[in-house]
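Chemist: The structure follows.
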Amino acid sequence: MLLGVSGGIAAYKAAILLRRLKEWGADVRVVPTPASLEMVGATTWEALSGHPAHVHVPEAADEVAHVRTGAGADLFIVAPATANTIAKLAAGIADNMLTASALVATCPLIVAPAMHTQMWEHPATVANIETLRSRGVIFAGPVSGRLTGKDSGAGRMMEPEAIALLAIENLVSRGFSGATSSELAGMRVAISAGGTREPIDPVRFIGNRSSGRMGLELAKAAMSRGAAVTFVAANVAGAADELPGATIISVETARELAAAMENLAAQADVVVMAAAVSDYRVAASETKIKRSGALSLELEENPDILADLAHHRRRSGQVVVGFAAETGDGEHTALEYGIAKAQRKGADLLVINEVGRDTGFGEVETLVTIVDSIGNEIARAQGAKSEVTAAIADAIVEKLRGAR
Ligand code: CTP
């Protein structure tokens, strides 16, 4: 993939775009224009992309870097695209590496304009945009908002996360995947994450502090192994931005989450319950509860979704995964409680997180033990969530192999 950066103040935002694309699994080369180097230097692009960032077309006749660079790309993004660069693209001018590569590239081109409103609305720019559109160029923005200095209006570059999403959707729709391995290729993985909210009345709810981070990281790990992921988000902020290429289903309550997961389980090869599900719901009031002294709420029991999914398999060979955050007490260790839960719930894999255990370095890392349905230890992992989820994904791959 090629990322062309031209000389707008928004050039620094292209670094965020680059990071998002790389997180997805894209191999990105950056082609900055000479003017953009005033904003962000070539060294930054080289460090972030891991490739040389050529600015000028080499003069030596035997070097055809722009041909190689442009022709080999599967997607070309120009962000930010200044009025000047847009004019050159429309006219077919090839006076730097970005514009020369664009003239050679046959892949789709996404352009994210960034300029002052007057420039954006000028008939010259309007005509250039029209020309590029008629050639099939895809425009990402611009949006209205704060521009450089005190101005605001149309011409602000679309946010980098949104451009990344557009780019990845374009790639996915043409059959590209960001996967770096194919261990889970062709596998359908349904993951629930976040924390359910049980309404008390129209404005209040019983919830929990789960951010959905573990589920998000596991979804990324599954996608990077080639899986098709459906992510059931119980109040997870930014799931769509973090998981381009995944199908996102938003739910609020335990019962909505149960319905979504049961539906997906009919087709899924792997079902993961990473969500913190409320065990109880409130017999909710239709109207806002008024303050009038002590109040008791009547709670009804919610279904145990994981136990249900595990005990009543929707498909043979399906791998069902659960999570348990446990603490030890005087009677049993966290692991013992986890093992008892594994036996009770019957999931093929239960990821036991020993909460708050001191790793000895003054920082609490995620420490998990993965056990099977009878409580046998399968693996242990410790470290950042992204490292831990790699171990969980490996255990899933192994289980699927065993199930076949
Ligand atoms: N879980 C579920 N449905 C529920 C509660 C929990 O599917 N109503 C799932 C969670 O997604 C997780 C696993 O079960 O994968 C363990 O969650 P946890 O809250 O530890 O289990 P509980 O059954 O609520 O056990 P405890 O009595 O320890 O709260």
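The values are calculated or read from the model by the stated rules, or taken from the named source; none is laboratory data. On a predicted model such as this, the values are computed, not experimentally measured, just so you know. Note that we place each Cβ from the backbone using ideal geometry, even for glycine, and neighbour counts take in every protein chain shown. Calculation scope for accessible area: heavy atoms of the full protein, side chains included, ligands and nucleic acids excluded. Shrake-Rupley method; radii C 1.70, N 1.55, O 1.52, S 1.80 Å.
Chemist: Could you say which residue among F205, F176 is among the aromatic types (F, W, Y) and free of Cβ contacts under 8 Å to residues at least 60 places away in the same chain? Steps first, please.
Modeler: Working: F176 fails: free of Cβ contacts under 8 Å to residues at least 60 places away in the same chain.
Exactly one of F205, F176 is among the aromatic types (F, W, Y) and free of Cβ contacts under 8 Å to residues at least 60 places away in the same chain, namely F205.
Chemist: Looking at A79, A87 in this structure, which one is of a type outside the set (V, I, T) and open to solvent by less than 20 Å² (accessible area, probe 1.4 Å)? First the steps, then the outcome.
Modeler: Values: A87 fails: open to solvent by less than 20 Å² (accessible area, probe 1.4 Å).
Going through A79, A87 in turn, just one is of a type outside the set (V, I, T) and open to solvent by less than 20 Å² (accessible area, probe 1.4 Å): A79.
Chemist: Now, a different point. What number of residues within region 287-311 are touching an Asp or Glu at 6+ places or on another chain (Cβ under 9 Å), more than 8 Å from the ligand (Cβ to nearest atom) and open to solvent by 20 Å² or more (accessible area, probe 1.4 Å)?
Modeler: 5
Chemist: Output the number of residues of region 363-389 satisfying the condition of being surrounded by 14 or more Cβ atoms within 10 Å (Cβ to Cβ) and within 12 Å of L349 (Cβ to Cβ).
Modeler: Going through region 363-389 one residue at a time, the tally reaches 9.
Chemist: Further question on the same structure: Considering only region 313-327, state which residues are away from the ligand (no atom under 12 Å from the Cβ) and either among the aliphatic types (A, V, I, L, M) or modelled with pLDDT of 95 or more (or both).
Modeler: Within region 313-327, Q318, V319 qualify.
Every residue, every condition in (1) closer than 27 Å to G25 by Cβ; (2) modelled with pLDDT under 95; (3) part of a strand (DSSP E or B), yes or no:
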{"position": "G145", "(1), (2), (3)": "no, yes, yes"}
{"position": "A154", "(1), (2), (3)": "no, yes, yes"}
{"position": "S177", "(1), (2), (3)": "yes, yes, no"}
{"position": "G186", "(1), (2), (3)": "yes, yes, no"}
{"position": "A193", "(1), (2), (3)": "yes, no, yes"}
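Chemist: Checking M261 against (1) over 21 Å from Q318 (Cβ atoms); (2) within 14 Å of the ligand (Cβ to nearest atom); (3) open to solvent by less than 50 Å² (accessible area, probe 1.4 Å); (4) outside any strand (DSSP E or B), which test does it fail?
Modeler: (1)
Chemist: Moving to a separate point now. Just to be sure, is L335 within 27 Å of D394 (Cα to Cα) and either open to solvent by 70 Å² or more (accessible area, probe 1.4 Å) or away from the ligand (no atom under 13 Å from the Cβ) (or both)? Walk me through it before giving the result.
Modeler: Details: within 27 Å of D394 (Cα to Cα): yes; either open to solvent by 70 Å² or more (accessible area, probe 1.4 Å) or away from the ligand (no atom under 13 Å from the Cβ) (or both): yes.
Answer is yes for this residue.
Chemist: Among what's in region 16-35 and is open to solvent by 10 Å² or more (accessible area, probe 1.4 Å) and without any contact (Cβ under 8 Å) to a residue 40 or more places away in the chain, pick the residue that is nearest to A102 (Cα to Cα).
Modeler: In this case the residue turns out to be D27.
Chemist: Considering each residue of region 39-66, count those that are assigned to a helix (DSSP H, G or I) and at pLDDT below 95, and give that number.
Modeler: Number of matching residues: 2.
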